[in-house]
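The values are calculated or read from the model by the stated rules, or taken from the named source; none is laboratory data. This is a predicted model, so every value here is computed, not measured. Cβ placement follows ideal geometry from the backbone for every residue including glycine, while neighbour counts extend to all protein chains displayed. Side chains are part of the model used for accessible areas, which takes the heavy atoms of the whole protein and leaves out ligands, DNA and RNA. Shrake-Rupley method; radii C 1.70, N 1.55, O 1.52, S 1.80 Å.
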Amino acid sequence: MAVVDLLELPGAAPPRSPVVGLDLGEKTIGVAVSDGGRMIASPLALIRRTKFTADANELLRLMEGRGAGALLIGLPVNMDGTEGPRCQSVRAFARNFLKLRDVPIAFWDERLSSAAVNRMLIDEADASRARRAELVDKAAAAWILQGALDRLRASVPR
């Protein structure tokens, strides 16, 4: 498999398999997972980044535990729509991950996802600064994954 367009992801992944969503940060990886019907994204875990191999092995463990058949990775596009060094880093992570596991990978524009999640945690959950720091990356992964799932659902003819 390889990197695929988002709209090709459902056909590239095994039927009824969950999709794992990632928010790749410099220090942590927020991980979310969908249900088998790919309707709802839920925060799953936070991986503290060390070395690629250790990070990837933890991600593989989480994917296998959920029976996930695809990855959706948030792409940190600049506000003007261009791709900078952070996007290059995310794409390199995907290329390296494909060397370990043959799985379809798609990207989703993650602009403002962390800001939206922080706002939600402040406004709705009244979470403290320390608690928000703990929750924001995996919640951002769920936000990113849910946006992609919603887009996929909207593309299906009714």
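Checked against (1) open to solvent by 20 Å² or more (accessible area, probe 1.4 Å); (2) out of contact with any Lys or Arg (no Cβ under 6 Å at 6 or more places or on another chain); (3) more than 18 Å from Asp150 (Cα to Cα), Cys87 meets all criteria but (1). If you go through the range 2-49 and pick out every residue that is surrounded by 12 or more Cβ atoms within 10 Å (Cβ to Cβ) and at positive phi, you end up with 1.
Among the residues of the range 1-15, those that are in a helix (DSSP H, G or I) and touching a helix residue (DSSP H, G or I) at 6+ places or on another chain (Cβ under 9 Å) comprise Leu6, Leu7, Leu9, Pro10.
Okay, residues lined up against (1) modelled with pLDDT under 95; (2) under 18 Å from Ala140 (Cβ atoms); (3) among the hydrophobic types (A, V, I, L, M, F, W, C):
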| residue | (1), (2), (3) |
| --- | --- |
| Ala12 | no, no, yes |
| Arg16 | no, no, no |
| Leu22 | no, yes, yes |
| Gly37 | no, no, no |
| Leu71 | no, yes, yes |
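Quick check on Val77: is it in contact with a strand residue (DSSP E or B) (Cβ under 7 Å, 6 or more places away or on another chain) and modelled with pLDDT under 90? Yes; evaluated as a whole, the condition is true for this residue. One residue alone among Val90, Val20, Val33, Val77 is in a loop (DSSP other than H, G, I, E, B) and touching a residue at least 12 places away in the same chain (Cβ under 8 Å), and that residue is Val77. With respect to Arg61, is the statement that it is under 17 Å from Leu100 (Cβ atoms) and basic (Lys, Arg) true? So Arg61 passes the test.
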